[in-house]
Amino acid sequence: MARVAIVTGGTRGIGRAISETLRDAGIKVAANYAGNEEKAKAFTNETGIPSYKFDVSDFDACQKACEQIAKEVGPVDIVVNNAGITRDGTLQRMSAEDWQAVIDTNLGGCFNMAKACFAGMRERGFGRIVNIGSINGQAGQYGQVNYAAAKSGIHGFTKALAQEGARFNITCNAIAPGYIDTDMVAAVPANVLEKIVAKIPIGRLGHADEIARGVLFLVSDDATFVTGSTMSINGGQHMY
Ligand code: CAA
């Protein structure tokens, strides 16, 4: 029977590529989104992938939505925690709201979604959780204390949950994308982005499908012994 996946932030950017790549591999996908209803409707029309509006930073909303998805699409086997936001600015200028929003969405969202789906995965003896971290969680980034802290937190969260899930055949892994040609990266001032791209050995921004193929590997039967790992996909910008 086809596996069922939820991809948070799954209608745009990297998330859209993940949704489509998993669908193309025969997985039944439910794509979450938080914002633009019109764009999400267009996504569903174009791809045939149902989209579900809820805020991943809202614990109760995640519980409700995952129950609804389990009823409408099927019990959830795969969670891809991809939803993320930026509120860049130096510490000096960053508001407490901008700190909290990024922590709650990017890191809190991983907790909320895992909480909503982990018990069912345990019962069925199968689960795949993939968390989208970031090069900036590994290496830090000027102007991103909130984002770097949240993404770094995701990498720790991944390793801890991998240990808890292992005996139930639930793997938990992370991908740490570098700079990918999405709207999020397009929002970085051009002069700043130019300097960043100059430091990427492969010499260009990544493409969303280059991340999606990593996700597909981690949820596939080729990755049964892979858990607690972080796959860096960054064009060589950061190696360790
Ligand atoms: N290291 C050291 N100094 C730096 C620096 C760096 N990386 N970047 C900027 N500075 C310095 C500048 O040279 C400048 O110094 P002077 O005043 O002496 O000239 C000073 O810091 C202020 O720089 P800005 O003019 O850029 O300041 P700003 O307040 O207008 O903007 C900022 C600050 C919002 C952080 C802006 O620099 C910025 O947007 N940076 C990009 C941050 C970034 O990479 N975000 C990634 C978003 S994409 C993403 O997050 C996806 C992912 O996972 C990869």
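Could you please let me know if Thr158 is in a strand (DSSP E or B) and either touching a Ser or Thr at 6+ places or on another chain (Cβ under 9 Å) or open to solvent by less than 20 Å² (accessible area, probe 1.4 Å) (or both)?
So Thr158 fails the test.
Condition test on Gly203, is it open to solvent by less than 80 Å² (accessible area, probe 1.4 Å) and in contact (Cβ under 8 Å) with a residue 40 or more places away in the chain? Spell out how you get there, then give the answer.
Values: open to solvent by less than 80 Å² (accessible area, probe 1.4 Å): yes; in contact (Cβ under 8 Å) with a residue 40 or more places away in the chain: no.
Spelling it out, it is not the case that Gly203 is open to solvent by less than 80 Å² (accessible area, probe 1.4 Å) and in contact (Cβ under 8 Å) with a residue 40 or more places away in the chain.
For the stretch 134-153, check the following and say yes or no: at least one residue is away from the ligand (no atom under 14 Å from the Cβ) and either within 17 Å of the chain's Cα centre (by Cα) or open to solvent by 30 Å² or more (accessible area, probe 1.4 Å) (or both).
no
What number of residues in the stretch 117-145 are touching a Leu at 6+ places or on another chain (Cβ under 9 Å) and aliphatic (A, V, I, L, M)?
Count: 3.
Any idea which residue in the stretch 87-107 is nearest to Lys53 (Cα to Cα), counting only those that are near the ligand (Cβ under 8 Å from one of its atoms) and open to solvent by 40 Å² or more (accessible area, probe 1.4 Å)?
Asp88
Quick one: in the stretch 115-130, of everything that is touching a strand residue (DSSP E or B) at 6+ places or on another chain (Cβ under 6 Å) and assigned to a helix (DSSP H, G or I), which residue is surrounded by the fewest Cβ atoms within 10 Å (Cβ to Cβ)? Write out each step before concluding.
To start, the set of residues in the stretch 115-130 that are touching a strand residue (DSSP E or B) at 6+ places or on another chain (Cβ under 6 Å) comprises 117, 121, 127-130.
Okay, now just the ones that are also assigned to a helix (DSSP H, G or I), so 117, 121.
Values: Cys117: 25, Met121: 22.
Residue satisfying both the conditions and the ranking: Met121.
Looking only at the stretch 158-170, which residues are more than 23 Å from Ala208 (Cβ to Cβ) and either within 16 Å of the ligand (Cβ to nearest atom) or touching a strand residue (DSSP E or B) at 6+ places or on another chain (Cβ under 9 Å) (or both)?
The answer is Lys159, Ala160, Leu161, Ala162, Gln163, Glu164, Gly165, Ala166, Phe168, Asn169, Ile170.
The values are calculated or read from the model by the stated rules, or taken from the named source; none is laboratory data. Every value quoted in this text rests on a predicted model; they were computed, and no experiment measured them. Quick reminder, even Gly has a Cβ in these numbers, built from the backbone with ideal geometry, and neighbours come from all protein chains shown. Surface areas here come from the heavy atoms of the whole protein model, side chains and all, with no ligands, DNA or RNA. Shrake-Rupley method; radii C 1.70, N 1.55, O 1.52, S 1.80 Å.
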